[in-house]
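To start, the structure under review is shown below, and the notes come after it.
The values are calculated or read from the model by the stated rules, or taken from the named source; none is laboratory data. This one's a predicted model, so the numbers in the text were calculated from it and none came from an experiment. Every residue, glycine as well, gets a Cβ built from its backbone with ideal geometry; the counts of neighbours run over all protein chains shown.
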């Protein structure tokens, strides 16, 4: 039985990143069931949208509502990100996903690497909120 795979939609060529771009790559998943997801779009955010970072804590802190996801303008987008994460997790469970390929650095999908929350382009160790939830569910994650 083939493993069921999730991939960040932007990695598939969907122009759904905050700035309307994609990060198309050469991943091939012939003969595998693939689910493309953009949690940020599921949370009601548009394209383009403001660049956002996790501020004053970790992904787990955002999930526990002790940190926030803030746009570069200072606007709080935490609720939209959490809503998108929850909708994406529902799809993961429904489709019985086993492996996830996620876009690095994102406050949603970042796995192992995210921006530092100060909007200066510095990368630190950490996860986005969707990656954090997938990790807790025992989903194998590959950051790209």
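Observations
- For segment 25-43, a tally of residues being touching a strand residue (DSSP E or B) at 6+ places or on another chain (Cβ under 8 Å) and either part of a strand (DSSP E or B) or buried (at least 16 other Cβ atoms within 10 Å of the Cβ) (or both) returns 6.
- Members of segment 58-71 found to be surrounded by 15 or more Cβ atoms within 10 Å (Cβ to Cβ) and without any contact (Cβ under 8 Å) to a residue 12 or more places away in the chain, listed by number: 61
- Condition check for residue 9: crowded, with 19+ Cβ neighbours inside 10 Å, over 16 Å from the mean Cα position of the chain (by Cα) and without any contact (Cβ under 8 Å) to a residue 40 or more places away in the chain: no
- With respect to being buried (at least 19 other Cβ atoms within 10 Å of the Cβ) and either in a loop (DSSP other than H, G, I, E, B) or at positive phi (or both), residue 108 fits the description.
- Applying the criterion of being touching a residue at least 12 places away in the same chain (Cβ under 8 Å) and in a strand (DSSP E or B) to the residues of segment 122-144, the residue that is nearest to residue 24 (Cα to Cα) is 143.
- Qualifying position, being surrounded by fewer than 15 Cβ atoms within 10 Å (Cβ to Cβ), out of contact with any strand residue (DSSP E or B) (no Cβ under 7 Å at 6 or more places or on another chain) and under 19 Å from residue 12 (Cα atoms), among 46, 138, 84, 74: 46
- Lone unmet requirement of (1) more than 10 Å from the chain's Cα centre (by Cα); (2) closer than 20 Å to residue 16 by Cβ for residue 138: (2)
- Hits in segment 103-135 - residues which are within 11 Å of the chain's Cα centre (by Cα), farther than 19 Å from residue 80 by Cα and at pLDDT 95 or above: 111
- Filtered residue count, segment 94-121, keeping only those that are over 21 Å from residue 21 (Cβ atoms) and without any contact (Cβ under 8 Å) to a residue 12 or more places away in the chain: 1
- Segment 16-41 residues that are at positive phi and modelled with pLDDT under 75, paired with ones that are assigned to a loop (DSSP other than H, G, I, E, B) and exposed (fewer than 14 other Cβ atoms within 10 Å of the Cβ) (beta carbon under 7 Å, 6 or more apart): 31/2
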